[in-house]
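Reviewing the structure listed below.
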Amino acid sequence: MAVDLHVHTSASDGTDDPGLVVCRAAEIGLEAIGITDHDTVDGLAPALQAGREQHLEVIPGIELSTEEKGTEFHLLGYLIDFQSADFLEYLSRLRANRTERAYLMVRKLRGLGFPITCEQVLAVAGRAAVGRPHIARVLVQEGLVGTMKEAFDRYIGAGCPAYIPRFKYSPREAVQLIIRARGIPVLAHPGLAGRDGIIPELVREGLRGLEVYYPLHTGGQIEHYLHLCAQHGLIPTGGSDYHGAGHEEHGQLAAATVPYTTVQRLKETVVRLYGGLPAYIKNE
């Protein structure tokens, strides 16, 4: 059976709430999904509950944004202890930085003549960690741009007039944080970064997998990353990077999947490294 290990919800910048994502995954016949919201674990508890109701296995995870020498790398963490105090403190700092960044970007947009407010952006974000997609949605709702893509391409994407860089930790710090949370660190969509030289360095830090199967990876890239997994003893994972409606590049659940044996390998690695599975897995 197929598994999609890279799924976002409204807890971060997705448009579907965690329960709806789980229901949609069950409807299309997935056996399991990985909930990997950006810099937050707020969607995990409701997703686990929905998974129990829908008889669909939910793999708790997270996606952490990092930067190294001007290049952004995303680290996925699977089967994490998402109630770890150290882990939650780290996420709290990231959330505060996201909010400060949103205020600065709105200020820039207002300077460009767009009459939006921070209150509007925070209202759209709700309880989610605020991000650029929430700003884009406000711009669309107010009729100031036609689509979210236009908002990014013209105003809030990297290098655009209202863009503000976000504070990011290093990839090594993210790997270590995931390990401290008793999780499995995986480098997300490495083909997008195009800097494979960092992979051996991260393996030495404790990296355990590469996201090989990804909608924007070419066939050649998939073969290349499968080879690197074999070379470094890494787990090849994969997923759609689903964000829901309004996200043109990430709108199809199960656009990339892996077999359930991948989940089994992740669990076996947790047992080997930490002596057992997290309590929420045992209670499923």
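Just so it is clear, none of the values below were taken in a lab; they were calculated from the coordinates. Quick caveat: nothing in here was measured; it's all calculated off a predicted structure. Because the Cβ atoms are built from the backbone with ideal geometry, glycine has one as well, and the counts that use them run over all protein chains shown.
Side notes on the structure shown:
- Neighbourhood net charge (15 Å Cβ-Cβ; Lys/Arg +1, Asp/Glu -1) for LEU144: +3
- Angle between the chain longest axis and helix 171-180 axis [Cα atoms, degrees, rounded to 10]: 60
- Between the Cα long axis of helix 44-54 and the first principal axis of the chain there is an angle of about 60°, rounded to the nearest 10.
- Largest GNM mean-square fluctuation among GLY131, GLY244, GLY111, using the chain with Cα springs under 10 Å: GLY111.
- Region 91-156, relative contact order in percent, only Cα pairs under 8 angstrom and at least six apart counted: 28
- Among (1) 48, 44, 37; (2) 56, 43, 39; (3) 62, 43, 32, the entry that matches Cα extents along the principal axes in Å as calculated here: (2)
- Pairs of lysine residues in the chain that meet both criteria, 8 or more places apart or on different chains and Cα atoms under 22 Å apart, total 4.
- Peptides 229-242, 256-269 ranked from most to least packed give 229-242, 256-269, packing being the mean of other C-beta atoms within 10 angstrom over each peptide's residues.
- Tail fraction, Cα-Cα pairs, region 150-238, threshold 19 Å, whole percent: 48
- Burial ordering of TYR90, TYR103, fewest other beta-carbon atoms within 10 Å first: TYR103, TYR90
- Gain in span if fully extended, GLU268 to GLU142, counting 0.36 nm per residue against the direct Cα distance: 40.4 nm
- Protection proxy ranking of 2-12, 67-77, by the mean of other Cβ atoms within 10 Å over each peptide's residues and highest first, is 2-12, 67-77.
- Listed residues PRO161, PRO18, PRO190, most fluctuating in the chain (Gaussian network, C-alpha, under 10 Å): PRO161
- The chain: relative contact order as a whole-number percent, Cα under 8 Å and 6+ apart: 22
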